[in-house]
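Working notes for the structure below.
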Amino acid sequence: MKQTVDFKKMKENNESIVMLTSYDYPSAVMAEKSGVDMILVGDSLGMVVLGYDSTIPVTMADMIHHTKAVKRGARDTFVVVDMPFMSYHASISDAMLNASKLMQEAEADAVKLEGAGEVVQVIDKLTQAGVPVVGHLGLTPQSVAVLGGYKVQGKDAKAAQKLIDDALAVEQAGAFALVLECVPKQLAEAISEKLSIPTIGIGAGRETDGQVLVYHDLVGYGFHRVPKFVKQYTRVSDQIEASIRSYVEDVKEQKFPEDKHSFTMKEEQLASLYG
Ligand code: KIV
Ligand code: NA
């Protein structure tokens, strides 16, 4: 399994880091089989798996439950777990306790926290306690109500400078990687050059040190909003719907099950059936 130092080496060697979200056993198995470098149990699970319309309702219990399933499916892949909304803001000790639950109960290999400012100190404390931390800047969905919607961040010079400063502060605090979400590609490139830790982009152009996508977006599974920056490699939802429609039709028309799906009794035993 790759470790945090390996991701730094990948940046130094100009080797792109591939991250993908997973939320359950089969998606984790598929991610590991397909060669992703790092799995993220994202709080996007609130939208793509649980049917909420934001990440706000996601709880620690949700994250622990789903992380355990992911770990069962991907024993040899580094698993980063999102700390959910408000699980690292009330106090440092709260954040420490919640991070330790994710690592000890759910066996997370690292945790991810959104934002800078007050959060920088939390990142510092966590890394000092031995918790590997991934930062997350740009569009930070847990703050969407404050940001005023899902919008590109850091578009003007002032906002871009703030993002650069925040990124440096997150690195300084000890994060070993940084997710950059929905920022102009030139800004993501500049931040990636300034940092020694790898940047992992989503909607941040090609010049970051890695990329991350949401599993359900990549395979076209589900009914949530799919952002512009997603590349959908297929639409499994269409295949699933067609399959279920065929099943419904088969049962209605008594075409399923066929003999090959059925069990039989020996001829000599049949007399007993209708006595
Ligand atoms: O929750 C998530 O899936 C994420 C990624 C989009 C980075 O945080
Ligand atoms: Na997230």
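Each reported figure results from applying straightforward, stated rules to the coordinates on display, with no laboratory input. Fair warning: this is a prediction, and the values are worked out from it, not measured in the lab. Positions of Cβ are backbone-derived with ideal geometry, glycine not excepted, and every protein chain shown enters the neighbour counts.
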Just to verify a result, which residue in segment 131-168, among those that are crowded, with 22+ Cβ neighbours inside 10 Å, within 15 Å of ligand 2 (Cβ to nearest atom) and among the aliphatic types (A, V, I, L, M), is farthest from Ile202 (Cα to Cα)?
Val133
Scan segment 26-56 for residues that are within 15 Å of ligand 2 (Cβ to nearest atom) and in a loop (DSSP other than H, G, I, E, B) and jot them down.
Gly42, Asp43, Ser44, Val49, Leu50, Tyr52, Asp53, Ser54, Thr55, Ile56
Hey, can you tell me all the residues within segment 249-275 that are outside any loop (DSSP other than H, G, I, E, B) and surrounded by 11 or more Cβ atoms within 10 Å (Cβ to Cβ)?
Glu249, Asp250, Val251
Count, please, the residues in segment 1-35 that happen to be crowded, with 16+ Cβ neighbours inside 10 Å, more than 11 Å from ligand 1 (Cβ to nearest atom), among the hydrophobic types (A, V, I, L, M, F, W, C) and closer than 16 Å to Thr199 by Cα.
4
For Ala69, are the conditions met, namely being in a helix (DSSP H, G or I), away from ligand 2 (no atom under 16 Å from the Cβ) and surrounded by fewer than 24 Cβ atoms within 10 Å (Cβ to Cβ)?
yes
Can you name every residue in segment 94-119 that is touching a Leu at 6+ places or on another chain (Cβ under 8 Å), assigned to a helix (DSSP H, G or I) and within 14 Å of ligand 2 (Cβ to nearest atom)?
Val119
